[in-house]
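Engineer: I'd like to ask you about the structure that follows.
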Amino acid sequence: MFERILMTIIIACILGLTFTLTNRYHGRQISRVVKQSEPEKRPRLLFFHGSGCSACVQQEQYLAQLDPVWRPLIESIHVEQDPDLVQKYKVLTIPMTILIGRDQSVQQINYGLTRTPRLIEQLNRLN
C-alpha cells in the first residue's frame, strides 16, 4: 500500500515538473519570436479561438466580463483565418490566451479556459 502511494506521489511530481518546464520553454520560444518581430511596445492579451469550439465561446464571455480598461489589450485571433500567427505563436490548443508585457516578454500562457478572476489577476501583474 505504501509503495503505491509513494509511486503515485512520484508520478504526480514528475508530471507537474514536466508541465511547468514545458510551459516555461513554450513561453521563452514565443518571447523570442515576439521581441524579434513586434515593433509595438505595449502589453497585449492574445486570444486564440476557432469555429465550432464551445470552450472558445465561453472564453469570449469571460473576456467580455473584463473591466473596459483591459479590453483594448485584447487581440482576438481566429486560428483558421490566421494560420501564420498560429505557427508564429506555436498555438497548441484552443482556446488559448497569451499575455505579453510591455517588454514584449510572455508573462503568462493559458491553455484552455481561463476564468475572469484569473485573467484580472494576470493582467494586474503585467509589467
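The values are calculated or read from the model by the stated rules, or taken from the named source; none is laboratory data. This structure is a prediction, so every number in the text was calculated from the model and none was measured. Positions of Cβ are backbone-derived with ideal geometry, glycine not excepted, and every protein chain shown enters the neighbour counts.
Engineer: For Leu15, indicate whether it is hydrophobic (A, V, I, L, M, F, W, C), surrounded by fewer than 16 Cβ atoms within 10 Å (Cβ to Cβ), part of a helix (DSSP H, G or I) and on the phi < 0 side of the Ramachandran plot. If you could, list the steps in order and put the result at the bottom.
Structural biologist: Numbers: hydrophobic (A, V, I, L, M, F, W, C): yes; surrounded by fewer than 16 Cβ atoms within 10 Å (Cβ to Cβ): yes; part of a helix (DSSP H, G or I): yes; on the phi < 0 side of the Ramachandran plot: yes.
Taking the combined requirement at face value, the residue satisfies it.
Engineer: To continue, here is another question. Quick one: is Val79 closer than 22 Å to Arg24 by Cα, surrounded by 13 or more Cβ atoms within 10 Å (Cβ to Cβ), β-branched (Val, Ile, Thr) and without any contact (Cβ under 8 Å) to a residue 40 or more places away in the chain? Full working, then the answer.
Structural biologist: Working: closer than 22 Å to Arg24 by Cα: no; surrounded by 13 or more Cβ atoms within 10 Å (Cβ to Cβ): yes; β-branched (Val, Ile, Thr): yes; without any contact (Cβ under 8 Å) to a residue 40 or more places away in the chain: yes.
Answer is no for this residue.
Residue by residue, here is whether (1) touching a Leu at 6+ places or on another chain (Cβ under 6 Å); (2) at pLDDT 90 or above; (3) part of a helix (DSSP H, G or I) holds:
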{"position": "Ala55", "(1), (2), (3)": "yes, yes, yes"}
{"position": "Leu63", "(1), (2), (3)": "no, yes, yes"}
{"position": "Leu66", "(1), (2), (3)": "no, yes, no"}
{"position": "Val69", "(1), (2), (3)": "no, no, no"}
{"position": "Thr114", "(1), (2), (3)": "no, yes, no"}
{"position": "Ile120", "(1), (2), (3)": "no, yes, yes"}
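Engineer: Of all residues in the stretch 49-76, how many are within 18 Å of Arg115 (Cβ to Cβ), touching a residue at least 40 places away in the same chain (Cβ under 8 Å) and surrounded by 11 or more Cβ atoms within 10 Å (Cβ to Cβ)?
Structural biologist: 11
Engineer: Still on this structure: Which numbered condition trips up Leu99, out of (1) at pLDDT 90 or above; (2) outside any loop (DSSP other than H, G, I, E, B); (3) exposed (fewer than 13 other Cβ atoms within 10 Å of the Cβ)?
Structural biologist: (3)
Engineer: As an exercise: evaluate Arg28 against (1) closer than 21 Å to Asn124 by Cβ; (2) within 18 Å of the chain's Cα centre (by Cα); (3) basic (Lys, Arg) and give the number of the one condition it does not meet.
Structural biologist: (1)
Engineer: Here is a further query. Got at least one residue in the stretch 4-23 being β-branched (Val, Ile, Thr) and in contact (Cβ under 8 Å) with a residue 40 or more places away in the chain?
Structural biologist: Step one: of the stretch 4-23, the residues β-branched (Val, Ile, Thr) are 5, 8-11, 14, 18, 20, 22.
Add one more test, that the residue is in contact (Cβ under 8 Å) with a residue 40 or more places away in the chain, and what stays is none.
Checked against the condition, which is being β-branched (Val, Ile, Thr) and in contact (Cβ under 8 Å) with a residue 40 or more places away in the chain, the stretch 4-23 yields no hits at all.
Engineer: Which one is modelled with the lowest pLDDT among residues in the stretch 38-53 that are within 18 Å of Ser105 (Cβ to Cβ) and assigned to a strand (DSSP E or B)? Don't jump to the end; show me each part of the working.
Structural biologist: From the stretch 38-53, those within 18 Å of Ser105 (Cβ to Cβ) are 38-46; that's our starting set.
Filter again for assigned to a strand (DSSP E or B), leaving 44-46.
On the way: Arg44: 90, Leu45: 94, Leu46: 94.
Ranking the qualifying residues of the stretch 38-53, first place goes to Arg44.
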